[in-house]
Structures are given as C-alpha cells and as structure tokens.
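The values are calculated or read from the model by the stated rules, or taken from the named source; none is laboratory data. Only a predicted model underlies this, so the values are computations on that prediction, with no experimental measurement involved. For neighbour counting, all protein chains shown are included, and Cβ atoms are generated from backbone atoms with ideal geometry for every residue, glycine included. Each accessible area value is taken on the protein alone, full model and side chains, heavy atoms only, with ligands, DNA and RNA left out. Shrake-Rupley method; radii C 1.70, N 1.55, O 1.52, S 1.80 Å.
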Amino acid sequence: MHCNLINGEWRGGQPAIVNRNPSDLDDVVGEYASASADDMREAVAAARAAFPAWSRTTPQQRADILDAAGNEILARKQELGTLLAREEGKTLPEAIGEVTRAGHIFKFFAGEALRQQGELLDSVRPGVEVLISREPVGVVGLITPWNFPIAIPAWKAAPALAFGNCVVMKPAELVPGSAWALADILHRAGLPAGVFNLVMGSGRVLGPALLDAGIAALSFTGSQATGQRLAADCAVRGIKVQLEMGGKNPLLVADDAQLEQAVECAINGAFHSTGQRCTASSRIIVCHGIHDAFVARLAERTAALRVGHALDSASQIGPVASEPQLAANLDYVGKGQAQGASLLCGGERLQLATRGYYQSPALFAGCTPEMTISREEIFGPVAAVLRADDYEHALQLANDTPFGLAAGICTRSLALATHFRRHAEAGMVMVNLPTAGVDYHVPFGGRKGSSHGPREQGRYAAEFYTTVKTAYLGL
Ligand SMILES: NC(=O)C1=CN([C@@H]2O[C@H](COP(=O)(O)OP(=O)(O)OC[C@H]3O[C@@H](n4cnc5c(N)ncnc54)[C@H](OP(=O)(O)O)[C@@H]3O)[C@@H](O)[C@H]2O)C=CC1
Ligand SMILES: O=C(O)CCC(=O)C(=O)O
C-alpha cells in the first residue's frame, strides 16, 4: 500500500484506491491509500505549522532540495515513465518525455529560488526610500488532473516550494502513482516535515476540507465545471486562486500552408497523447483552396495511426485514460453524426489483445461552428474539420469559442503568421507547430473560459506563488 504523506509521515487510509492500467485492466499498477476529510485537515494544519520556518530558509537551502529532486527524476526517467504510461495510458516515449519535463521543471525552479526579484526606489517624499519585495503566500493547495500525472504536479509544486510556500497536493484519484513517486522523491530530498503533503483520494470529499482548513492559495487544473465552482468557493473565503481549465483549440490551415507539415501538426495536436491535452487541436479550420487535398491526406494519416498498449513500441496512440472518458468520447462521436458532420474515419471502441479503453481516432469533416463537437471540449481523439472561405473567415471561426488557451496556424506567409499572432484570442499561439506541447521555462495559460488568475510556469509563476510587499523606509 502506498500511503499519504502528512507531516513528514507516511499514513494509511481506507478504502484503498486500486490504480489500474488503462491499456490492460488486469494489470494493477498499485494500491494507494484513500484519505479522509480529517486527513486533509491534518495535512493543512501540518503545512501551516511548518510555514514559518520553511519561509525563512535560505534560497540556497530551497534550491539544493529542488535540484536534488530534479536530478533524481531525470536519473529515473525510464522507470517513472513506465509507471506513468501504465497508469495514464500515454505511450512510453510520451511518458518519458513528460517525466523529463518534470525533472527540468524542478531544476529550473531551483534556479528561480536564487533569482530573487525586488526593487529599491526613491519615494516621492524627501528622506524616504521604497523597497518592493516578494514573500511567499503561505500554504498552497494544489489540485491536479489525470492527463499529466507528473508534469502538472511538478509545475505547481516546484515554484510553490522555491518561493518558500508549504504545499498540500491532491492528485487525481485516477493516477496517484506518479504523484506518490514525486512525494517520495521530495521527502527524501530533505524537505522538513509538513512542508510538502500528499493527500490522495476523491476530489468531492477532499476539496471542501482543503478549502475550509485555512489555505492561502489554490492552484487547480482540470475541468471548467469544477474550476469555476472552486473559484467561487475560494472567492468567499478570500483564497487566492489560479485555474487552468479546458480548451477548444483551433489549428488554422491557410491556403499557402506546406501540406505535409500542416497534416503533421494536425495529427500531433489532435491525436497524440490520445487527444487528452487541454492544448489539443480539436478544431481544424481549413481554408477553401487547400481544404480537399488537406482533408484527404489527414484522413489517410489518421486511419493509419496504430492504437495499442502504451508500452508497446509499435503503438502511436495509447488507450483512453478511463471508461467514463471513453464513453464521453463515443457519445460526442454520436452527436457529431447526428448533427450532420461526416465521420471520415475512426470513432469506434477497439478490442485489442489486452482488455483496455481503446478507441480509433475519429476525424470529422463538414463541421459547422454550432455543432456540439465544434464547441465543447471533448478531451479525446476526436477532431472536427471546419471549412473556411478564406483567412479572415478562418480567423473569425478560430476565435468563435468560449475558450482561449492555444491557437495554431500553418502558413508560409510572414504577414499571415504575424496577423494571426496578434489577433488570435488565445494565451498561446503556435506558428507551423502543433497547438499542444509547450516549453517548461515560459508562461503557460489562456484567456476567456480557459484560465483564471496569473500564469503558470517560467518566471511568471512568481506572480501566483508570491505576494508583493511595499516597505517605506524613513532615512
Ligand atoms: N485542462 C485540463 O488539463 C483538464 C481538463 N479536463 C476536462 O474535464 C473533463 C472531466 O475530467 P475530470 O477528471 O472529471 O475533471 P475534474 O475537473 O473533475 O478533475 C480535476 C481534479 O479536480 C478534482 N476534483 C473533482 N471535483 C472536485 C471538487 N468538488 N473539489 C475539489 N476538487 C475536485 C479531481 O479529483 P478526483 O478526480 O480525484 O475526484 C481532480 O483532481 C475531461 O473530459 C476534460 O474535458 C480534465 C482533466 C484535465
Ligand atoms: O500541451 C502541453 O504540453 C501541456 C498540456 C497541458 O498542460 C494539459 O493538457 O493540461
């Protein structure tokens, strides 16, 4: 049994979470202790008790611990990648890539602990100086989703700790294994008791206890419905909040796009990681002149994608992560057909050699902006192609969404790329690249319904994990 980490001690819990491999339901990845609301309250109390001493540690002490954690993650990337692929279902190369990203994140924030920000200014009054500095916010709650079981915990926990906060992390119940491995690494890297707590179990049980136990800030990644509810609950409690939620990201293919490059961007953005990325290209908006050639080639490539066990080196697309997610995907496929879109390929549950949640990637053409599959986040391997009259029409379709996380364009024209970069209503813009797959050292986040609060990652993470103090010094 893998226990919760509360106040520096590994503690059991009932009932156990049985972590199963979505590629093979007969493969049990491990058993993990399910925490109670009381466990959550104890974890927050421990973090609050640890905060005064941890917030006064030197940047060097914090940098050394984060650097050691990053080194261990990188040294164990094959083993941790295998664990991640087994519990979440992304292919092994994708899983190793994610673990590598997590290791780099810890090493980056080890450096950020040392690169402190502050300003010394003259006051507008004579004989007075003004000192502006940043301080940690206190105890930070982290609620993480199932689709990036180690990278998202890493990109929330690393800056929180680097800037002197204490952490209570609740990972998604579906994928506790990678979060547990991260907690074990941080514990052994030398964090004092209570500075980092891992509380596994159901969000509906543990979320309210987390919010009521006295945290100063909450960082959440997951669905829009849960995020918006949490933000309202945080507002009445005065908890600082950061939300990363869904996307309905457009990939715009202009008439002058390089065909093979554009198809590659669409395949990667729509179907890699089984389409389970908030940055996935679920709307592919194609200008009239290139539309038919592009769609023919994309359908050919989609139909040829090899779906299989995440650890099989021949697999290009792993299973869907869970039964409810697979059922939701197939329901969206049905809605697409019922509303008149043409299903060019895929969209079926597959029975393979092992019992898993396999689905053939679904490609729809002839989609209109009002269709459900053009509007709602699906979070699976289902892509909708929309035909645009020209670039201006395509841009208008791209921005016609309640979301605004990522937006991509494939074009050979610098003028179009520049225009799109300026006018896409999204937090991240990709030119001749897939909409998904981001760097760890630059800001991550979106606009409209996708995000709320300061950006995550890179040096911009300081905005959420610190609070500014302005001191007036009489001379
Ligand atoms: N932006 C993104 O990266 C993600 C988007 N999604 C979207 O959400 C859909 C549903 O996925 P789902 O996993 O149910 O997403 P949720 O938003 O429900 O889950 C995300 C996290 O929030 C937790 N949670 C759930 N309810 C509460 C609550 N009341 N209080 C506090 N925490 C809570 C979950 O815990 P637990 O699951 O353990 O109960 C999990 O840790 C997907 O199909 C996709 O569209 C999902 C994941 C990531
Ligand atoms: O595209 C990426 O690299 C990150 C995606 C992501 O953070 C998410 O899906 O939650």
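Quickly run through the stretch 346-386 and pick out the residues that are in contact with a Ser or Thr (Cβ under 7 Å, 6 or more places away or on another chain) and at positive phi. Scanning the stretch 346-386 gives Gly346, Gly347, Gly366.
If only residues of the stretch 128-142 that are β-branched (Val, Ile, Thr), in a strand (DSSP E or B) and surrounded by fewer than 24 Cβ atoms within 10 Å (Cβ to Cβ) are counted, the one that is farthest from ligand 1 (Cβ to nearest atom) is Val128. Within the stretch 227-251, the set of residues being open to solvent by 50 Å² or more (accessible area, probe 1.4 Å) and either part of a strand (DSSP E or B) or not basic (Lys, Arg) (or both) comprises Gln228, Ala232, Asp233, Ala235, Val236, Gly238, Lys240.
Scanning the stretch 269-308 for residues that are of a type in the set (A, V, I, L, M), within 16 Å of ligand 1 (Cβ to nearest atom) and either out of contact with any strand residue (DSSP E or B) (no Cβ under 8 Å at 6 or more places or on another chain) or over 30 Å from Gly449 (Cα atoms) (or both) yields a single hit, Ala280.
Among residues of the stretch 139-151 that are closer than 12 Å to Leu206 by Cβ, those with a beta-carbon under 7 Å from a residue that is assigned to a loop (DSSP other than H, G, I, E, B) and more than 11 Å from ligand 1 (Cβ to nearest atom) at least six positions away or on a different chain give the pairs Gly141/Ile215.
This table checks each residue for (1) within 20 Å of the chain's Cα centre (by Cα); (2) part of a loop (DSSP other than H, G, I, E, B); (3) within 16 Å of ligand 2 (Cβ to nearest atom); (4) closer than 29 Å to Val205 by Cβ.
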{"site": "Ala257", "(1), (2), (3), (4)": "no, yes, no, no"}
{"site": "Ala270", "(1), (2), (3), (4)": "yes, no, yes, no"}
{"site": "His291", "(1), (2), (3), (4)": "no, no, no, no"}
{"site": "Phe294", "(1), (2), (3), (4)": "no, no, no, no"}
{"site": "Arg297", "(1), (2), (3), (4)": "no, no, no, no"}
{"site": "His309", "(1), (2), (3), (4)": "no, yes, no, no"}
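Among residues of the stretch 435-446 that are under 14 Å from Cys265 (Cβ atoms), those with a Cβ under 7 angstrom from a residue that is within 7 Å of ligand 2 (Cβ to nearest atom) and assigned to a loop (DSSP other than H, G, I, E, B), sequence gap 6+ or separate chain, pair up as Thr435/Thr279; Ala436/Arg277; Ala436/Thr279. Within the stretch 412-440, the residues that satisfy the criterion of being open to solvent by less than 70 Å² (accessible area, probe 1.4 Å) and more than 23 Å from Cys278 (Cα to Cα) are Ser413, Leu416, Thr418, His419. Of all residues in the stretch 143-197, how many are among the aliphatic types (A, V, I, L, M) and in a helix (DSSP H, G or I)? Going through the stretch 143-197 one residue at a time, the tally reaches 14. Once the stretch 340-349 is narrowed to residues that are under 27 Å from the mean Cα position of the chain (by Cα) and surrounded by fewer than 18 Cβ atoms within 10 Å (Cβ to Cβ), the residue that is farthest from Ala303 (Cα to Cα) is Arg349. If you scan the stretch 415-458, which residues turn out to be out of contact with any strand residue (DSSP E or B) (no Cβ under 8 Å at 6 or more places or on another chain), closer than 24 Å to Val253 by Cβ and more than 12 Å from ligand 2 (Cβ to nearest atom)? Within the stretch 415-458, Ala415, Thr418, His419, Arg422, His423 qualify.
Contact map, the stretch 296-312: residues that are closer than 12 Å to Leu350 by Cβ paired with residues that are assigned to a loop (DSSP other than H, G, I, E, B) and of a type in the set (A, V, I, L, M, F, W, C), Cβ distance under 6 Å, separation 6+ or inter-chain. Pairs shown: Arg306/Ala314.
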